[in-house]
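Chemist: Sharing a structure below in structure tokens format, with a few things to ask.
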Amino acid sequence: MNSVQPSAERQPFLRIPSIVLLLIAFFVAIQVVCSVVFADDTPQIFFRYGFVPARYSHAYLAANMVNGGNLLDRAIPFVSYMFLHANWTHLLVNSLWMLPFGSFVARRYGSLVFLLFFVVCGILRAAVHLAFNWGDRKST
């Protein structure tokens, strides 16, 4: 005889923490705004808020007569680039990866630590990208 009793309470098929879904919804909202409202200004948005290593190279800025901005203007892209996506496919792929891996971190450590981990890893990723791609004009 089978001793396993069926559970009276059913478990959800997918247990995605709400913080992960909120972050993905935020990604989608930003993509909608960039695609619909600011469609003509996309290159300027990516230069200003995307992470462009050339922005930190004095030689590039001087040669192209581009203003890299003040300290805050140069610091903001270390975080803001994490919310920009080149297109809908990029957004979809990032979101699909966020579901299993983000869910694991959020369930294990909680929403606040998940967000802190997300931001710290993003800043470190930008710093490493800057170190290896100094002066590159492509945004990430």
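The values are calculated or read from the model by the stated rules, or taken from the named source; none is laboratory data. The structure displayed is predicted, hence computed values, not measured ones. Every residue, glycine as well, gets a Cβ built from its backbone with ideal geometry; the counts of neighbours run over all protein chains shown. What goes into the accessible areas is simple: the full protein's heavy atoms, side chains included, and nothing from ligands, DNA or RNA. Shrake-Rupley method; radii C 1.70, N 1.55, O 1.52, S 1.80 Å.
Chemist: Collect the residues in segment 77-106 that are open to solvent by 60 Å² or more (accessible area, probe 1.4 Å) and either over 14 Å from Phe26 (Cα atoms) or outside any helix (DSSP H, G or I) (or both), keeping them in residue-number order.
Modeler: The answer is Ala86, Asn87, Thr89, His90, Val93, Leu96, Trp97, Pro100, Phe101, Phe104.
Chemist: Is it the case that Gln44 is closer than 22 Å to Gly122 by Cα and either open to solvent by 30 Å² or more (accessible area, probe 1.4 Å) or at pLDDT 95 or above (or both)?
Modeler: In short, yes.
Chemist: What is the residue count in segment 24-40 for residues that are farther than 23 Å from Met98 by Cβ and open to solvent by 60 Å² or more (accessible area, probe 1.4 Å)?
Modeler: 3
Chemist: Could you please find all residues in segment 30-62 being under 20 Å from Phe132 (Cα atoms) and aliphatic (A, V, I, L, M)?
Modeler: Val52, Ala54, Ala59, Leu61
Chemist: Mind listing just one residue for me: the one in segment 94-130 that is more than 30 Å from Arg15 (Cα to Cα) and either basic (Lys, Arg) or in contact with a Pro (Cβ under 9 Å, 6 or more places away or on another chain) (or both) and, of those, modelled with the highest pLDDT?
Modeler: Of everything passing the filter in segment 94-130, Ala126 is modelled with the highest pLDDT.
Chemist: Further question: With (1) more than 17 Å from the chain's Cα centre (by Cα); (2) modelled with pLDDT under 85 as the list, and Val37 as the residue in question, which single condition is left unmet?
Modeler: Going through the list (1) more than 17 Å from the chain's Cα centre (by Cα); (2) modelled with pLDDT under 85, Val37 breaks only (2).
Chemist: If you take the residues of segment 14-23 that are in a helix (DSSP H, G or I) and farther than 30 Å from Trp134 by Cα, which of them is least open to solvent (accessible area, probe 1.4 Å)?
Modeler: That would be Val20.
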